[in-house]
Amino acid sequence: MNEDIQRNFVKYSFYKVLPEWKLLSEDDKSHSKDEFIEVLSEFSHDIRVSSYSLVGTRGDVDFMLWKICQDIESVNILMAQLNRTHLGKFLSTTHSYLAMTDRSPYVDEHQHEGQEGTSADMRIIGRPYLFVYPFVKTNEWYQLSLPERQELMTEHFQIGHKYPDIKISTAYSFGLDDQEFVLGFETDNPGAFLELVRDLRESKARPFTLRDTPIFTCLNKPIRECLEDLG
């Protein structure tokens, strides 16, 4: 283990509100939103949290919390506190991904500002759109030599360089969760992300992708606006 790397924990939590919550009185719903927001604010010094609405983009998710912190205990305490809120009793966690920051082994020959993998300190920029998905490579990928993988990833990076306005955040889940990576792409332009993904489908590394779904289209909003989208 490289002791010089400061790894942070990364947690993506996707929520669906139960139909019973929508039948509550307006006062009860308003109180439950206020309480939920208050709990999140209490942890703002220890955990970086960004909130996103998925109302209108997926049927199985209403909103998502992207969290980054130095220890997993902080995530545990926050999530437990949210579960104890009135709104928490009406939330189903439909998808959940745990990972850590790390440095990519493929970027040494490709140094430029803001590139993927150059820092273990992930930053949430807060652009209007975020695209998130879990990612798993085939077993055959890991049997390739490092130079072979580097060649394939070099092409991968070259494609990404065509879209400099898209910020990628790669988190690593080896041994922590079911996937191997969790990828987050922040952008001002969803169309550019569509073009990037289409171009990457033609890359030589594509046959080594085992799974890269589900894909979540997330709209960056303050948490109160995300909760107002619930009804």
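The values are calculated or read from the model by the stated rules, or taken from the named source; none is laboratory data. All of these numbers come straight from a predicted model, not from anything done at the bench. As a convention, Cβ positions derive from the backbone with ideal geometry for all residues, glycine included, and neighbour counts pool all protein chains shown.
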Requested in this report: Restricting attention to strands (runs of 3 or more DSSP E) lying wholly within the stretch 110-212, give those where 1 or more residues are surrounded by fewer than 17 Cβ atoms within 10 Å (Cβ to Cβ) and modelled with pLDDT under 95.
Outcome: none
Report task. Select, from F174, F193, the only residue that is aromatic (F, W, Y) and either in contact with a Gly (Cβ under 9 Å, 6 or more places away or on another chain) or over 19 Å from R123 (Cβ atoms) (or both). Result -> F174
Query raised in the report: In this structure, is S41 of a type in the set (S, T, N, Q), without any contact (Cβ under 8 Å) to a residue 12 or more places away in the chain and out of contact with any Cys (no Cβ under 8 Å at 6 or more places or on another chain)?
Result: yes
Query raised in the report: Does S96 satisfy the criteria of being crowded, with 16+ Cβ neighbours inside 10 Å, modelled with pLDDT of 95 or more and under 15 Å from the mean Cα position of the chain (by Cα)?
Result: no
Requested in this report: Report, ordered by the first and then the second residue, all pairs with beta carbons closer than 7 Å, sequence separation of six or more or different chains, a first member in the stretch 79-92 that is touching a residue at least 40 places away in the same chain (Cβ under 8 Å), and a second member that is surrounded by fewer than 17 Cβ atoms within 10 Å (Cβ to Cβ) and assigned to a loop (DSSP other than H, G, I, E, B).
Outcome: F90/L18; S92/L18
Report task. Output the residues belonging to the stretch 43-73 that are more than 25 Å from D28 (Cβ to Cβ), surrounded by 18 or more Cβ atoms within 10 Å (Cβ to Cβ) and not aromatic (F, W, Y). Result -> I47, S50, R58, K67, I68, C69
